[in-house]
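Comments concern the structure below.
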Amino acid sequence: MIETEKGRAEVTRFTIDVAVRLGLIATIVYVSLLLLQPVAPLMLWAIILSVAVFPLFNLVRRRLHVRDGLAAALFSVLLLVLLLTPVVILAGSAIDSLDAYARMLLRGEHVVPPPPESVRDWPMVGNRVYEFWLNGSNDIRALVTTHVGQLASAGRWIGRVAGGVFLEVLQFAGAIIVAGILLAYSDELLETVRGLAGRVADKRGRHFLEIAGSTIRNVSQGVIGIALLQSALLGIGMLVAGVPFAGPITFVCLVLAIVQVGPNIIMIPVIIWSWMYLPALHAGLFTVYTLPLLLLDNVLRPILMARGLPTPMAVILAGVICGTLAGGLIGLFVGPVVLSVFYDLLVAWIASGAKPEEGDASAPSA
């Protein structure tokens, strides 16, 4: 009886010790995550960027025989140039366009071109749209005065969007700098992460780590890379064709391509505009140039995103779409990584359950 009571006391003491230790560990982890919460998006972006460019970084430092710090600094400067150059060009284009239209408005010139007669033939709303468009073309000042409330609301909304974009650009620039620091210590960090993954799930943990890295690189090439290429080519076509507001339209095309909506919803109206206001030959050339570009992502994205991965293309695409809807641009990368690891776990679990059944089925026949 005494030994039983001593055993129970030891079990109770052990349980209390474990509970206290787990509580302390949970408290430390919670407080650490709470402290890191303000910079969590920036750190996550820095990790994504460093993983995406690590193969190229590794190639450059080996071929050029430069130190890790110098190679990381070069990559950070290059990424900052790639980020800030389009932003400066788009901002300058938007400012120049708004300044030109403001000067035309002050001089009393026609800011809005007159509507074509074909607008009247639009079903249900053709006459109303034509009259509204014609009034704006004839006297834009009266139209602005009449709808000053709606225009003020639209201006405030545009201002909030512009402020949000500016903050996102600053955050992304900070993430690039942090990514350069991570690349400078990439060897040490890689060994630490591999050790942690092996500690958590042995060989399977390192396999998951490889899947996560490959998925991030493929998504960055298949989504971000194709979106940049597609929007840049569309922007060049609009500049050559003389489409107004080509810079802001290009930026909208880039955003729509990244979030998997596609630039079609804005470029099809631009093509229609070209047939209404450009010479037939120019409109035809612009259409022939633009339409293949609208299909570019559908051809190249599946090839790049599924290259070298054991995960099916459908799983990666579902992760991209669902992650974007749930977490925005960061979810674009987190979603496919999570679904790829989940798919690999599911396949391994099914395979581990199928092996005993095959062995049992083959045993009687032997």
For this session: Can you tell me which residue among A175, A179, A212, A197 is assigned to a helix (DSSP H, G or I), closer than 30 Å to I303 by Cβ, in contact with a Gly (Cβ under 6 Å, 6 or more places away or on another chain) and open to solvent by less than 50 Å² (accessible area, probe 1.4 Å)?
Result: A197
Exercise. Is at least one residue of segment 330-353 within 30 Å of V39 (Cα to Cα), aliphatic (A, V, I, L, M), surrounded by 10 or more Cβ atoms within 10 Å (Cβ to Cβ) and at pLDDT below 80?
Worked result: yes
Exercise. Considering only segment 271-319, how many residues are at pLDDT 85 or above, over 18 Å from S231 (Cα atoms) and touching a Gly at 6+ places or on another chain (Cβ under 6 Å)?
Worked result: 0
Exercise. How many residues are under 21 Å from I47 (Cα atoms) and not in a helix (DSSP H, G or I) if we restrict to segment 60-78?
Worked result: 1
Seminar exercise, completed: When every residue in segment 248-291 that is more than 24 Å from V119 (Cα to Cα) and touching a Pro at 6+ places or on another chain (Cβ under 7 Å) is compared, the one most open to solvent (accessible area, probe 1.4 Å) is L256
Problem set entry | Enumeration of residues in segment 162-172 that are aromatic (F, W, Y) and either open to solvent by less than 30 Å² (accessible area, probe 1.4 Å) or farther than 13 Å from I47 by Cα (or both) | F166
For this session: State whether one or more residues within segment 12-23 are under 25 Å from L332 (Cα atoms), modelled with pLDDT under 85 and not acidic (D, E).
Result: no
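The values are calculated or read from the model by the stated rules, or taken from the named source; none is laboratory data. Quick caveat, the model's predicted, so the values are computed rather than measured. Every residue, glycine as well, gets a Cβ built from its backbone with ideal geometry; the counts of neighbours run over all protein chains shown. Quick note on the areas: whole protein, heavy atoms, side chains included, nothing else; ligands and nucleic acids left out. Shrake-Rupley method; radii C 1.70, N 1.55, O 1.52, S 1.80 Å.
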